[in-house]
Amino acid sequence: MTDELLTAAKEMQEWLTTQRRTLHMVPELSLHEFKTSEHCANEIAKLGLKVTRLWGEGFIADLDAPNGTGRVAIRADMDALPIHELNDVSYRSKHDGVAHMCGHDTHMTVALGAAKLLTRYRDKLKRGVRFIFQPSEELPPGGARGLIEKGCLDGVDEVYGLHNNPEMEVGRIATCVGAMTAAADIFEIKLTGRGGHASRPQESLDPIPAGAELVGMLQTLVSRRVQPGKPAVVSVTKFHAGTTHNIIPDDANLMGTVRTYEEPIRALIIEEMERMVKAVASAHGLKHEFKYLRGYDSIVNHESGVAAVARAATAIVGAENVDTSFEPKTWGEDFSYYLQARPGAFFLLGSGNKSRGIHEPLHSARFNVDESCLPLGVAVMAKLAL
Ligand SMILES: [Zn+2]
Ligand SMILES: [Zn+2]
C-alpha cells in the first residue's frame, strides 16, 4: 500500500508541478486570495467534492469514507507576500510586488494532490478527510481563527498541516513533540514628560533617562524573572526620542518584540513588563502608555499527532530521513489554533536542493522550492488520512 501510494503520488509529478506553477503565477495577498481560492475550489469540485465557503476566501471540502468513521483534516494556507520575485523562471509571478515567497503554493498543491489521490482510495479510507483551504496566514490575527469560529473543525477528530522548509533537503521531514514555533508578540511603550530647554532640566520632565533605565530593566525580565531553562526573548528594537542637542523632548517611544514558547511564560513577561513601565514612569513623574500586541500563539504539537506523522513519513521517505526532535523555530504560524482545538501535528517538508542552488530562505525574493517535494508531501498527507 505504501509503495503503491508513493508510486501513485510520483506519477502525479507533472500534474502537481503544473498546479504549483499555475498558483505561483497569480499570487495574492492575505484576505485577497480571490483567484487562488477559485482555482483550488475548481480543482476540488472536479473531484466531485462539495466546496463549502466559510470565512473570507477560505473553504472546506469533505471526502467521505463509505466504510469508515471519524474525520481527519488537512490544512493548506493560500496567501502570498508583498515581495517582488527575483527568480528568473518561466512561471515567475505575474503580479509585480507580490509573490509566493513562503511557498504556500506548494501547500495548496499538496492538499489538492492528496485530495486527488485519496478519491482513488475512497473505499479503503478508515475515516473521512476534510480539506481546509485557509486564507490569510501571513497577516495576524490570521485566517485560522476565522475558519475555526465558523466551524471548520466541526466533526473533525485530528488535524495536520505542513510547511515547506528550504533549509532542509528534499526527501527529509521534520517535526517535534510540544512547542514547534514561537509566540511572536510586539510591544510599544510611550513615556511622556514635559520638554524644555536642555540648559534648564529642572523645569522639564525628561523622558530620556527614564527610557534608558527601562531598556536596562527590560533586559532583566528574562535573566531574573523567567525560570532558567525556559526559552524567552525580549528585544527592544526601537528607541526614539528628541530632535536636537539643546531641547529636552516631551516623549520617548520604545518598541520591541517578545518571543516565548509557553503561555505562562508569556503571561508572566507581559505582567512584569507592564509593572516595570508603570514603576519607571511613576519614579520619574512621567505619564506612560503600554501596548502589547499578541501575535500567533506557539504551535504545540500533540504527542499522538507527532507519532502519526513519524509513522506516515517513515513509510514514505524512510526512518533515516525523519527527524522527530526538530529544534523549535522562532517563526509565527497560525496553525497553532487548530492544535488548540484538536489533536494533531504540524511538520516540515524538506524543499531545498543545494546541488540545484535551491536554498534561499522563506520570505526571500529568491526563495524557491524543489518541486520533487510535492509528491512526497502528497504521499505523507495521504498516508496520514488512510
Ligand atoms: Zn510566511
Ligand atoms: Zn508560510
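How about segment 82-92: which of its residues are away from ligand 2 (no atom under 16 Å from the Cβ) and either in a helix (DSSP H, G or I) or of a type outside the set (A, V, I, L, M) (or both)?
Taking segment 82-92 first, the residues away from ligand 2 (no atom under 16 Å from the Cβ) are 84, 86-92.
Result: His84, Asn87, Asp88, Ser90, Tyr91, Arg92.
Residues being of a type in the set (D, E, K, R) and in a strand (DSSP E or B): count how many of those fall in segment 321-342. Steps first, answer last, please.
Filtering segment 321-342 for residues of a type in the set (D, E, K, R) gives 323, 327, 329, 333-334, 342.
Pick out the ones that are also in a strand (DSSP E or B) and you get 323, 329.
Selection size over segment 321-342: 2.
Is it true that Pro66 is within 16 Å of ligand 1 (Cβ to nearest atom) and loosely packed, with under 15 Cβ neighbours inside 10 Å?
Values: within 16 Å of ligand 1 (Cβ to nearest atom): no; loosely packed, with under 15 Cβ neighbours inside 10 Å: yes.
No; evaluated as a whole, the condition is false for this residue.
Restricting attention to segment 296-310, which residues are touching an Asp or Glu at 6+ places or on another chain (Cβ under 7 Å) and in a helix (DSSP H, G or I)?
Gly305
Checking Cys152 against (1) crowded, with 23+ Cβ neighbours inside 10 Å; (2) over 20 Å from the mean Cα position of the chain (by Cα), which single condition isn't satisfied?
Going through the list (1) crowded, with 23+ Cβ neighbours inside 10 Å; (2) over 20 Å from the mean Cα position of the chain (by Cα), Cys152 breaks only (2).
Being over 25 Å from Phe347 (Cβ atoms) and either within 16 Å of ligand 2 (Cβ to nearest atom) or in contact (Cβ under 8 Å) with a residue 60 or more places away in the chain (or both) is the filter here, so list the residues in segment 61-73 that pass it.
Matches in segment 61-73: Asp64 only.
Taking the condition of being surrounded by 12 or more Cβ atoms within 10 Å (Cβ to Cβ) and part of a helix (DSSP H, G or I), how many residues in segment 221-270 meet it?
Total satisfying the criteria: 9.
Six or more apart or on different chains, Cβ under 8 Å: which pairs go from a residue in segment 342-365 that's closer than 27 Å to Val159 by Cβ and assigned by TED's automatic domain parsing to the domain that holds Ala312 to one that's surrounded by 19 or more Cβ atoms within 10 Å (Cβ to Cβ) and of a type in the set (Asp, Glu)? Could you list them?
Matching pairs, first to second residue: Arg342/Glu158; Pro343/Glu158; Gly344/Glu158; Phe346/Glu333; Ser351/Asp370; Gly352/Asp370.
Do we find that Ala76 is surrounded by 18 or more Cβ atoms within 10 Å (Cβ to Cβ), under 24 Å from Gly155 (Cα atoms) and within 16 Å of ligand 2 (Cβ to nearest atom) in this structure?
Details: surrounded by 18 or more Cβ atoms within 10 Å (Cβ to Cβ): yes; under 24 Å from Gly155 (Cα atoms): yes; within 16 Å of ligand 2 (Cβ to nearest atom): yes.
Yes; evaluated as a whole, the condition is true for this residue.
For Leu376, state whether it is over 21 Å from Arg259 (Cβ atoms), in contact with a Cys (Cβ under 8 Å, 6 or more places away or on another chain) and either more than 16 Å from ligand 2 (Cβ to nearest atom) or at pLDDT 95 or above (or both). Spell out the reasoning first.
Working: over 21 Å from Arg259 (Cβ atoms): yes; in contact with a Cys (Cβ under 8 Å, 6 or more places away or on another chain): no; either more than 16 Å from ligand 2 (Cβ to nearest atom) or at pLDDT 95 or above (or both): yes.
So Leu376 fails the test.
Going by the structure shown, is Thr36 of a type in the set (Val, Ile, Thr) and modelled with pLDDT under 95?
Working: of a type in the set (Val, Ile, Thr): yes; modelled with pLDDT under 95: no.
Considered against the rule, which asks whether it is of a type in the set (Val, Ile, Thr) and modelled with pLDDT under 95, Thr36 comes out as no.
Here is a check on your reading of the model: is Leu384 touching a residue at least 24 places away in the same chain (Cβ under 8 Å), crowded, with 17+ Cβ neighbours inside 10 Å, in contact with a strand residue (DSSP E or B) (Cβ under 8 Å, 6 or more places away or on another chain) and in a helix (DSSP H, G or I)? Lay out the reasoning, then the answer.
Numbers: touching a residue at least 24 places away in the same chain (Cβ under 8 Å): yes; crowded, with 17+ Cβ neighbours inside 10 Å: yes; in contact with a strand residue (DSSP E or B) (Cβ under 8 Å, 6 or more places away or on another chain): yes; in a helix (DSSP H, G or I): yes.
Against the criterion (touching a residue at least 24 places away in the same chain (Cβ under 8 Å), crowded, with 17+ Cβ neighbours inside 10 Å, in contact with a strand residue (DSSP E or B) (Cβ under 8 Å, 6 or more places away or on another chain) and in a helix (DSSP H, G or I)), Leu384 qualifies.
With (1) surrounded by fewer than 17 Cβ atoms within 10 Å (Cβ to Cβ); (2) within 16 Å of ligand 1 (Cβ to nearest atom) as the list, and Glu33 as the residue in question, which single condition is left unmet?
Looking at each condition in turn, Glu33 falls short on (1).
Hey, could you check segment 330-379 for residues that are within 16 Å of ligand 1 (Cβ to nearest atom) and among the polar types (S, T, N, Q) and say which is surrounded by the most Cβ atoms within 10 Å (Cβ to Cβ)?
Out of the qualifying residues, it is Ser351.
For Leu214, are the conditions met, namely being part of a helix (DSSP H, G or I), over 19 Å from the mean Cα position of the chain (by Cα) and of a type in the set (A, V, I, L, M)?
Values: part of a helix (DSSP H, G or I): yes; over 19 Å from the mean Cα position of the chain (by Cα): yes; of a type in the set (A, V, I, L, M): yes.
Yes; evaluated as a whole, the condition is true for this residue.
Which one of Ser336, Ser325, Ser355 is more than 16 Å from ligand 2 (Cβ to nearest atom), of a type in the set (Ser, Thr, Tyr) and under 24 Å from Ala73 (Cα atoms)?
Values: Ser336 fails: more than 16 Å from ligand 2 (Cβ to nearest atom); Ser355 fails: under 24 Å from Ala73 (Cα atoms).
Criteria check complete, one pass: Ser325.
The values are calculated or read from the model by the stated rules, or taken from the named source; none is laboratory data. Being a predicted model, the structure only gives us computed values, none of them experimental. For neighbour counting, all protein chains shown are included, and Cβ atoms are generated from backbone atoms with ideal geometry for every residue, glycine included.
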